[in-house]
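Shown next, in structure tokens, is the structure this report addresses.
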Amino acid sequence: MNITMIGTGYVGLTTGACLAELGHHVTCVDLDPEKMERLDAGDIPIFEPGLEELVTRNTGAGRLSFTTDYAAAVPEADAVFLAVGTPSSPTGKADLSQVMAAVDTLAKLLEPEATVVVKSTVPVGTTAEVAARIADARPDLQFEIASNPEFLRQGAAVDDFMHPDRLVVGASSEAAERTMRRVYQPLLIEGAPGIFTNVETAELIKYASNAFLATKLSFINEIADLCELAGARVEDVAEGMGLDIRIGPRFLSAGPGYGGSCLPKDTQALLHTSQVFGAPSRIVAAAVDVNASRRRRMADKVATAAGGSLAGETVAVLGLTYKANTDDLRESPAVEIVRSLVGLGAKIRAYDPEGMANAQRLLAGIEFAGDPYEAMDGAAVLVILTEWPEFATLEPARVSATLARPVVVDTRNLYDPDDMTAAGLEYHSVGRPVARPTQV
């Protein structure tokens with residue numbers, strides 16, 4: 001099939017490259033000429049494991065190309081995917097301006113019988129609005145419309161696409177469903193579960209899924225606070241919960257709160273949509289409130305571990321991205337925690353394997369280190385904010401010798417408290433009692 005992907009952000013680029021890997025001919029369209037030039041040269045603007053190899057292989061095979069010209073891509077397409085951004089507005093409502101601008105442009109160029117596929121995360125009713133907008137612009141055009149939300153985890157997106165836990169398609173007609181089955185036929189043949197439903201249901205599946213994951217994370221973080229006061233261990237609580245097949249183990253890792261490009265904006269958008277429809281989502285609202293307070297709580301935890309005051313103290317920070325295996329700092333808890341620490345008077349020296357270039361644009365006045373030990377050299381406290389694998393393999397004895405004071409705050413629970421105390425470290429984690437060495 002000939003597929004046009006409008007938008008080459010995280011979702012559009014990954015989806016376009018993976019569709020090419022399935023054998024389709026994919027043209028990615030973006031209005032940013034610098035980005036298109038970089039992609040043509042094989043320079044991937046985001047960090048996503050496996051994506052660079054995928055892009056290189058499929059551009060070399062002639063199945064994947066990049067352009068800024070809608071007219072060069074849309075008329076030849078059997079399916080046109082919309083994968084542009086839908087950021088939150090100040091009210092929490094999803095900003096659909098990029099979607100509608102793309103629709104207005106592609107509507108003029110669509111060939112009869114083409115299928116327009118809304119890949120962007122959009123509120124219920126948006127796909128129908130897209131269809132109406134195209135129909136108003138081209139009253140005589142016969143076209144199809146579908147909703148196809150994405151479920152890609154940053155850091156594992158290529159594998160998630162090629163081995164999905166589900167494919168969700170909302171189709172407005174039998175013809176649209178047939179087109180979408182052709183798009184994903186290689187994955188369906190391999191046994192990927194396919195949910196084919198109406199467009200409104202597909203749109204809501206995406207928001208409901210992310211809101212539920214956010215709720216699980218906020219729930220376990222509240223349980224972690226209780227564990228610290230009661231002398232319990234949150235990872236054991238989570239394991240005991242997760243073995244119940246009705247609950248499951250994923251998204252029960254206590255930490256500094258959720259972030260990234262999806263959960264924060266999608267929960268806000270769902271809250272706005274539920275208010276519009278007159279069906280308030282009080283549980284999701286509570287999860288959002290818990291997460292909002294989580295970052296300040298973690299900053300206060302660091303101050304307490306440092307003796308109550310951070311004024312003039314150097315704090316070593318490991319991790320700035322919102323999770324490991326990405327360079328994305330959007331809504332990163334680490335960024336907000338760093339800002340809070342600065343507000344408490346701390347001097348920050350930070351290190352992140354992939355996120356420092358982006359962090360330099362977001363965090364003014366902090367120092368960046370070349371490796372973890374350089375970050376913690378002479379610091380009053382070490383704070384681990386992102387679960388990068390290399391942060392889980394530090395040598396506790398070397399950490400103790402490098403810090404000015406042997407205090408570690410691990411918001412990701414990467415270490416066994418006994419190993420840390422054996423090295424003479426005072427170890428503060430999440431949802432576990434403070435671990436102090438018998439002799440410091």
Legend entry - helices (runs of 4 or more DSSP H) within region 5-122 that include 2 or more residues closer than 30 Å to Pro353 by Cβ: 10-21, 33-40, 51-60
Legend entry - Residue count for region 226-241, restricted to those that are in a helix (DSSP H, G or I), crowded, with 17+ Cβ neighbours inside 10 Å and either among the charged types (D, E, K, R) or without any contact (Cβ under 8 Å) to a residue 60 or more places away in the chain (or both): 4
Inset, instruction - Output yes when any residue across region 194-202 is in contact with a strand residue (DSSP E or B) (Cβ under 9 Å, 6 or more places away or on another chain) and surrounded by 20 or more Cβ atoms within 10 Å (Cβ to Cβ), and no when none is. - result: yes
Inset, instruction - Could you tell me whether any residue of region 376-394 is part of a helix (DSSP H, G or I), buried (at least 18 other Cβ atoms within 10 Å of the Cβ) and of a type outside the set (Lys, Arg)? - result: yes
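Hey, does region 184-195 have a residue that's under 16 Å from Asp78 (Cβ atoms) and part of a helix (DSSP H, G or I)?
Checked against the condition, which is being under 16 Å from Asp78 (Cβ atoms) and part of a helix (DSSP H, G or I), region 184-195 yields at least one hit.
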Inset, instruction - Filter region 127-158 down to residues that are surrounded by fewer than 22 Cβ atoms within 10 Å (Cβ to Cβ), out of contact with any Gly (no Cβ under 7 Å at 6 or more places or on another chain) and in a helix (DSSP H, G or I), then give me how many there are. - result: 9
Inset, instruction - Evaluate the following for Arg405: is it of a type outside the set (Gly, Ala, Ser) and crowded, with 19+ Cβ neighbours inside 10 Å? - result: no
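Computed from the coordinates by the stated procedures, all read-outs in this text should not be read as laboratory data. Keep in mind it's a predicted model, so treat the numbers as computed, not measured. When we count neighbours, we look across all protein chains shown, and the Cβ atoms used for this are built from the backbone with ideal geometry, even at glycine.
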